[in-house]
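Let me begin by presenting the structure, written as structure tokens, before commenting on it.
The values are calculated or read from the model by the stated rules, or taken from the named source; none is laboratory data. What you see is a predicted model; the values in this text were computed from it and never measured. Cβ atoms come from the backbone with ideal geometry, glycine included; neighbour counts cover every protein chain shown.
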Amino acid sequence: MSLILDSTDRKILKFLSRDARTKVTEIASYIGMTPAGVHQRIAKIKKGGFIDGYSVQINQKKLGFRTCAFVGVFMEKNSHYSIIVTKLQAIEEVVEAHYTTGVYGLFVKLYARDNDHLLEILNKKIQNIQGVTRTETFISLEEPINRDIPI
């Protein structure tokens, strides 16, 4: 049986999506519930699979990673997918990988300190993975939109 979110559940999710550290008492006060009721709702929402986890958004540039790039990865065969993904997981600069339709087998997001570091990641790490035939790289100049789907 799948859980259907009501308007109260959606209000709770909105609060948590804006700031996962929002106190239950603050949420309860705003929506007119008891903290215990909000706790129960959050537990139900988690159990229903609507919350994958909680995270902190880190400013990559402050850590010295000034270049954000997207890399289209061409695979020799689709059967190499799981091996390539395992190798990509070992590259700490890779923060996302998507198995896609279209031209690329995989589309990867990564952060590098600068263009020289990006070149090193591409040439020495990604392009050396068995089953990767070539890559195509796009450097992000700016990220004007970064948000979740509205609740």
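Inside segment 82-124, residues that are modelled with pLDDT of 95 or more, more than 24 Å from LYS62 (Cα to Cα) and over 20 Å from the mean Cα position of the chain (by Cα) make up a count of 3.
Scanning segment 20-51 for residues that are in a loop (DSSP other than H, G, I, E, B) and either at pLDDT below 90 or farther than 16 Å from ARG147 by Cα (or both) yields a count of 9. Given the criteria crowded, with 16+ Cβ neighbours inside 10 Å and either within 30 Å of PHE15 (Cα to Cα) or outside the structural domain of PHE15 (by TED's automatic domain parsing) (or both), does ALA97 qualify? Spelling it out, ALA97 is indeed crowded, with 16+ Cβ neighbours inside 10 Å and either within 30 Å of PHE15 (Cα to Cα) or outside the structural domain of PHE15 (by TED's automatic domain parsing) (or both).
Annotation note: Cβ proximity below 7 Å between a residue of segment 116-141 that is under 17 Å from ALA90 (Cβ atoms) and a residue that is surrounded by 17 or more Cβ atoms within 10 Å (Cβ to Cβ) and among the charged types (D, E, K, R) (sequence gap 6+ or interchain) occurs for ILE121/GLU93; ILE129/LYS87. Checked against (1) more than 17 Å from the chain's Cα centre (by Cα); (2) at negative phi; (3) at pLDDT 95 or above, GLY131 meets all criteria but (2).
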